[in-house]
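A quick write-up on the structure given underneath.
Each value in this text was obtained by applying a stated rule to the coordinates, not by laboratory testing. None of the values given here were measured: they were computed from a predicted structure. Note that each Cβ is placed from the backbone with ideal geometry, even for glycine, and that neighbours are counted across all protein chains shown.
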Amino acid sequence: MTDHALLLVNLGSPASTSVADVRRYLNQFLMDPYVVDLPWPVRRLLVSLILIKRPEQSAHAYGSIWWEEGSPLVVLTRRLQSAMVEHWPHGPVEIAMRYGQPALPEVLERLAGQGVRKVTLAPLYPQFADSTVTTVVELAKQVISVRQLPLQMRVLQPFYEHPEYIEALAASARPYLEQDYDHLLLSFHGLPERHLKKLFPKGNKHDLRTADCCHGASAEVRAVCYRGQCLATAKAFAQRMGIPDGKWSVSFQSRLGRDKWIEPYTETRLDELAKAGVKKLLVMCPAFVADCIETLEEIGMRG
């Protein structure tokens, strides 16, 4: 075994479906300043209010999708780890979670203790966002620095229109698209608009309300525009599958709070499609590399 590890990092999951474990997980997740980008006192107050009722509600939701082996997201990430072993001859393949277990700091420390000296950090998010990619990368850097770990790190860049990613989506969706359907809705996880706008160059007039917000945008903007990257994924996928315009569309789910999030919202789009007479609707969630509460419960059960 060589000294170059591949570290697959996913979002994470509660340790169990108990209210206490869900509360602990939500607190860690929501107190991340890259997720709730408010000053600490305001963030602490807001999260404390959320934690009054949300853990019990979320525990019920997790319970409805939990597998015998555990959290679907963690189980599927471990399966990906097993599949990657034969494709990575340079050293160990490990997984870590940004929130929950196995915790990223402890995994990095264990790898260093095993003699690993190089780490390819692979955030399992096809599209870039501060609340997914940046928080993983910055935590890894902090851990390596503060704990003085002898690790050199490189980071896998977002792969939202990489041909192999599009092909993987195609392979997953093909059995369903071969059946009769009226419309395909590609539902991506949503983000508050301010998460995107604060990353744009000063004075930039990038309009997040347009159908193709990154059309004609600079490379600097495209590199940080989560919405534009989601639209690029959807377009590349539709072209790969030969789905005509008008038979597919994009939406953004999981909106939380009263702030303006990127549009169109999934719940709004579902209403529009129903009013337009769509009966046989397929919904696909290309932003998630593993099924999780957002795909299995929010989309699969609540719709």
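Observations on the model:
- Listed from fewest to most Cβ neighbours within 10 Å, the set Tyr160, Tyr176 follows the order Tyr176, Tyr160.
- Per-selection metrics, the stretch 188-303 (Cα): Rg and Dmax in Å: 14.8, 45
- Each stretch of four or more DSSP H residues adds -39500 (n - 2.57); spread over every residue of the chain, this sum gives -12500 deg cm²/dmol at 222 nm.
- Pairwise Cα distances in the stretch 79-147 exceed 14 Å for 63 percent of all pairs.
- Violating pairs (Cα-Cα greater than 29 angstrom) within the set Lys197/Lys275; Lys118/Lys260; Lys141/Lys197; Lys53/Lys247: Lys197/Lys275; Lys118/Lys260; Lys53/Lys247
- With 0.36 nm allotted per residue and the present C-alpha distance subtracted, the Glu164-Ala211 stretch has 14.4 nm of extension available.
- Taking 20 Å as the cut-off, the amide N atoms of the stretch 107-135 that come nearer than this to a point 7 Å along the Cα-to-beta-carbon line of Arg54 belong to 129-135.
- Spread over its residues, the convex hull of the C-alpha atoms of the stretch 4-155 is 118 Å³ per residue.
- Considering only Leu124, Trp66, Val36, and ranking their Cα positions along the charge dipole of the chain that arises from unit charges at the beta-carbon of Lys, Arg, Asp and Glu, the one farthest toward the positive end is Val36.
- Potential lengthening between Val42 and Glu106 on full extension [0.36 nm per residue; Cα-Cα distance subtracted]: 20.1 nm
- Value of Rg to Rh for the chain (Rh from inverse mean 1/r over Cα pairs, i.e. Kirkwood): 0.96
- Cα-based helix-to-principal-axis angle, 40-65 vs the chain, degrees rounded to 10: 70
- By DSSP, the beta bridges lying fully in the chain are antiparallel in about 5 percent of cases.
- Check: the stretch 163-302 dipole with +1 on Lys, Arg Cβ and -1 on Asp, Glu Cβ, in debye: 580
- Dipole of the chain, positive end: most advanced residue of Gly12, Thr77, Ile52 [Cβ charges, Cα centre]: Ile52
- Within the shell defined by Cβ-Cβ distances under 14 Å, the residues around Gln114 carry a net charge of -1, with Lys and Arg each +1 and Asp and Glu each -1.
- One Cα centroid belongs to the stretch 160-225, the other to the stretch 245-303; the line between them spans 14 Å.
- Excluding same-chain neighbours fewer than eight residues apart, the aspartates and glutamates reachable from Lys198 by a Cα-Cα span under 14 Å are Asp37, Asp130, Asp207, Glu220.
- Compared with the alpha-carbon gap, the fully stretched path from Ser64 to Arg154 is longer by 28.6 nm at 0.36 nm per residue.
- Look at Val137, Val35 and count the other Cβ atoms within 10 Å of each Cβ; fewest to most, that gives Val137, Val35.
- Among Gly100, Gly113, Gly203: highest mean-square fluctuation, GNM of the chain, C-alpha pairs under 10 Å: Gly203
- Within the stretch 7-161, DSSP assigns beta bridges of which about 5% are antiparallel (rounded to the nearest 5).
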